[in-house]
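Worksheet: the structure to be examined is printed underneath.
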Amino acid sequence: MTAETLATGVGQRVRHRLGRLDLSLPVLVATAIFLALLIGLPVAWLIVYALTNRSGAVTFSNFSTLASDPAFTEPLVTTLILCFSVATAAAVVASPIAWLVSRTDLPGRRTIRALMTASFVTPPFLGAIAWEILAAPNSGILNQMWRGLTGSPDPLFDIYTLPGLIFVIACYTSPYVFVLVANALDRIPADLEDAAGILGASRWRTTITVTIPLVVPAILAGALIAFLQAMTLFGSPAILALPAGFHTVTTKIFSLFQYPPKPQLAAAAALPLLVITVMLLVTQARLLGRRGYTVIGGKAGEPRRLALGRLRIPALILVLCVLSLPLTLPYAALLKASVSSFPGAPLAAEFLTWRHVNFVFIEFSQTRTAFWNTLVLALGTATLGTMLALAISYLTARRAIAGSRFLEFLATAPVAIPGIVLGVGLFLSYTRPPLALYGTLWILLLAFLTIELPVAFQQLRSSFHAVHPELEEASRILGAGRLTTLARITAPLLKSGVVAAWCFIFIGVVRELSAAIMLFTANTKVLSVVIYDLNESGDLGAIAVLGTTMLLITFAVVGFANWISGVGSGVRLRGG
Amino acid sequence: MAHLELRGLSKRYDGNAVVDRIDLTVPPGNLVCLLGPSGCGKTTTLRLVAGFVEPSDGEVRVNDRVLSARGFATPPEQRRMSMIFQSYALWPHMTVADNVAYGLNLRGMPKAEIGRRVAEMLKAVKLGAFAERYPGEMSGGQQQRAALARALIVEPEILLLDEPLSNLDAALREEMRFEIRRLHDAYRYTTVYVTHDQAEAMTTADLIVVMNQGRIEQAGSAEDVYNRPRSTFVAAFLGGANILKGRAIDRARLDVGPAILRCAEPSFTPGGEASLSIRYHEVKVRADGAAGDNRLEARVVRQTFLGSLRDLALELADGTVIRASAPPDLAVPPDARVWVDLPSERCRPLPS
């Protein structure tokens, strides 16, 4: 190489380095620092508090206090019983329904699937309140009907018991199992089943020996989510267990923050939840990571449906009965309660009233603030969270820079932090300078952002994986820069994923209670907190009105988001 | 038209060389095929040329400008190249016309001019009637043509093709082979074409570069690499060849065990281990005969009628099995004794 060509070479090298100002590294670093603070700070303060006493000296006494006092160990045992029962119940009930919907000729299966999925939107605490209206031992509608029919003095079903709590939580966690199993069943390629058929297996035998074993990982994953939900939910146990006089871990942590607050003990009680969650998630990753077991490959194709024959109608009735538990009965109860003078009142004109509606929208001063706060937080978190998740998934899916794995870990890590634990951690972190955010909406925004990030990230990551990198490379080689390509090729292709992520966050924020209950102040109450408060004062009619309005708004916003994104794109998104 | 040059180009991942010190010159207007089995580094070489990958060592030069060197690469969008991808990579949210117009829009060309050129290009690739279709509404062959149109319309300095035909069925693939050569003759862009299919390379290329394990095994015209393979790998990969190993008696003769074979082109080192190659169809099989130069007896192990020829597997006296493509009317039952001729002008010494 002559001196001259060497010089040109170096000159070009310098120019290109400048000309290609690559923003992805600074963005990566900034996102990583933000995420690390967002997640690391609360967890760090939790650990600090758990390991210190009031005067700040290092000690293990918080843990020994918890371990030796039955007031703390009993809730732990209760919680474990609750979790195992809920996980089992959800898997046992939801898996067969998923199979009926995905793999048989059950009538109305599309509607049933939509309804099962829609029951996600129901906040679990609202479901618990609806079941109070239905099955409280004295005033519950179902119990009153039972007494009227049989003349028996005893209630049919008492919701204020551990079995009652298990039942209600299972109602609202079984959709997770359902969706996971139904999707897994949809993805099983027909040729795997055909291979068994051609060897002489009957349809039923194929189902039992091939189809069901293939979805076992999905059933386990669903049961795990149900387990974690049961462990970390605050609303349902607070509504149903406290009146019955028993605690779960989450309600215990909450009570440790009531006057006089014991943050050290609360932090120490929160840590086991965190540890158990991390352990379960690691176990799941191990189980599902075994290659060739979960990855269901092969040629797709319309899965063949099993003809139920004479069992069609009985199966349908069974499914409708199950659906009535999380959906039909509670919503009917809420609607009735919102216009009856008292929940158990007979359905007659003299008991109909607009009193609750009037109270909620005119008299009750907190309604407007709560609606406003909830809406601002939901819109803000959904928008910020989607942008953040988009940046992270772009960096991790498209830029093979060292550090992107760490980013991926950070974005998924909040899955392992139960809402109430995060609430405690955020409370400890932001009640002090330099960021005294407690008492503002910002602290709630941080909480919701942390809680909802993993779902949005996973949604967008899978959207990115569905967009073949060659689609972007084709744009680059034709002369478009990184940003132009992002705007004109990647973004339009990701649109449905982005909208889905936004909606997930929005719904998630509206129904969040466990972190909000630790962080709200008089001016920053959100709807879920107001509903919880009203339940304390026994105002079920007002709750019914608020709850139904909240659901209507959720549906309206989600519908609008989907409509906006669908405008002007009658395009079939099929890979080239 | 651009002059493309690769100098000592290497790409290593975790110390494993995927592309290993490649030197290659593509004269302006030439079509070069990188031919090799999967994993030989041909696609990585193409992506190095395109700028999607930074080299670990060496340079990519176009018209003596350095576009890539160790640790830096001019971004793909500044290279004035275009590329056709294995998946076609047509954007599913745009019509065919929008896909094809994309590159011209980026160049800020007036709308009317773009419309005229797109229509002209779609006609050239026989897609005139499909302008408003979405990619999902077209067959594989039509998508392939649309991808060609999108790449050609920007009048690239260099055109890159990455296994462009591997997703098509056999009949369509043959048709598109000729189509790509026809379009190249019409536009004469400097082109690099990656394939693992020998027939594709032979139909389209001015220069065939056979790659193996990240290195260039041999580069030359189709006749060159086929008739004068310079390595065991090239001989076997292109069209199938028998490789016979043995010890050289002198510069022209090799003792392969059951016989001593003479090569027309003397290049052995006397006394050394060496091998020679002869293609299946160059082995002459006859039912009777007598011992002679480059002629030996063999037993038919298997014979298969393939329509235009008969594929034979023949066992030599020492148990070595060679294959021969004989005329279809030569009917020899299995286990029959036959005579095989290995003509000395077809026995090519391979460097050891």
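Every read-out reported here was derived from the displayed coordinates using simple, explicitly stated rules and does not represent laboratory data. Computed from a predicted structure; not experimentally measured. All Cβ positions, even for glycine, are placed from backbone atoms using ideal geometry, and neighbour counts span all protein chains on display.
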- Task: Report the calculated FRET efficiency for A:PHE342 and A:ARG368 (r = Cβ-Cβ distance, R0 = 35 Å), to the nearest 0.05.
- Result: 0.85
- Could you give the angle, 0 to 90 degrees to the nearest 10, between helix A:366-398's Cα long axis and the longest principal axis of the Cα atoms of chain A? 30 degrees
- Query: Around B:ASN242, which amide H atoms from residues at least 5 apart in sequence, or from another chain, sit under 5 Å from its own amide H, with H modelled in the peptide plane?
  - Reply: B:ILE278, B:ARG279, B:TYR280
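Rg to Rh ratio, the range B:240-350, alpha-carbon atoms and Kirkwood radius? Walk me through the numbers on the way to the answer.
Details: Rg = 13.7 Å, Rh = 14.1 Å.
Using only Cα positions, Rg/Rh for the range B:240-350 is 0.98.
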- List the residues of the range A:461-484 whose backbone N lies under 14 Å from a point placed 7 Å from the Cα of B:ARG65 along the Cα-to-Cβ direction. A:479
- Message: If I model a spin label at A:THR150 and A:ALA44 as a point 7 Å from the Cα along the Cα→Cβ vector, what separation in nanometres do I get?
- Response: 5.9 nm
- Task: Quick one: grab the alpha carbon gyration tensor of chain A, order the square roots of its eigenvalues as a ≥ b ≥ c, and give me rounded if a/c is under 1.5, else prolate or oblate depending on whether a/b is larger than b/c.
- Result: oblate
- Message: Just checking the output field for B:93-103: average partner chain Cβ neighbours within 10 Å of each residue's Cβ?
- Response: 3
- Message: Rg and Dmax in Å for the range A:25-158, alpha carbons only: what are they?
- Response: 24.2, 74
- Task: May I ask for the distance between the Cα centers of the range B:245-296 and the range A:432-492, given as a whole number of Å?
- Result: 67 Å
- Task: Subtracting the Cα-Cα distance from 0.36 nm times the residue separation, let me have the gained length for A:ASN138 to A:LEU552 in nm, one decimal.
- Result: 146.0 nm
- Item | Inter-part distance where the range A:153-204 and the range A:63-105 are each reduced to a Cα centre, Å | 15 Å
- Message: If you fit an axis through the alpha-carbon atoms of helix A:441-466 and take the longest principal axis of the Cα set of chain A, what angle between them do you get, 0 to 90°, nearest 10?
- Response: 60 degrees
- At 222 nm, what helix-only mean residue ellipticity would the protein assembly as shown give, in deg cm²/dmol to the nearest 500, using -39500 (n - 2.57) for each DSSP H run of four or more? -17000 deg cm²/dmol
- Query: Which value in nm describes the separation of the simple spin-label points at B:ASP23 and B:SER166, placed 7 Å from the Cα toward the beta carbon?
  - Reply: 2.9 nm
- Calculated FRET efficiency for the pair A:ILE564/A:LEU335, C-beta based, R₀ 41 Å, to 0.05: 0.90
- Message: With the crude spin-label approximation of a point 7 Å out along Cα→Cβ, what separation in nm comes out for B:TYR187 versus B:GLN213?
- Response: 3.7 nm
- Mark the label point 7 Å from the Cα of B:ASP206 along Cα→Cβ and return the residues of the range B:59-86 whose backbone N is within less than 18 Å of it. B:61-64, B:81-82
- Task: Kindly state, as a whole number, the per residue volume in cubic angstrom of the convex hull around the alpha carbon atoms of the range B:226-305.
- Result: 114 Å³
- Provide the per-residue ³J(HN,Hα) series for the range B:321-327, in order, calculated from phi with Karplus coefficients 6.51, -1.76, 1.60 and θ = phi - 60°, each as a whole number of Hz, with x at glycine and proline positions. 10, 10, 10, 9, 9, 9, x
- Item | Dimensionless Rg/Rh of chain B - Kirkwood Rh, Rg from C-alpha atoms | 1.08
- Task: Please average, across the residues of A:478-489, the number of beta carbons from any other chain that are within 10 Å of each residue's own beta carbon, and give a whole number.
- Result: 5
- Message: Need the C-alpha centroid separation for the range B:147-162 versus the range A:508-564, integer Å.
- Response: 56 Å
- Query: At a Förster distance of 60 Å, what's the computed FRET efficiency of B:THR269 paired with B:ARG80, Cβ-Cβ distance as r, to 0.05?
  - Reply: 0.75
- Item | Crossing angle, helix B:111-124 versus chain B [Cα axis fit, 0-90 degrees, rounded to tens] | 20 degrees
- Item | Potential extension, A:ALA114-A:ALA36 segment - 0.36 nm per residue separation minus Cα distance | 24.3 nm
- In nm, what is the difference between 0.36 nm times the number of residues separating B:ALA331 and B:ARG286 and their Cα-Cα distance? 15.2 nm
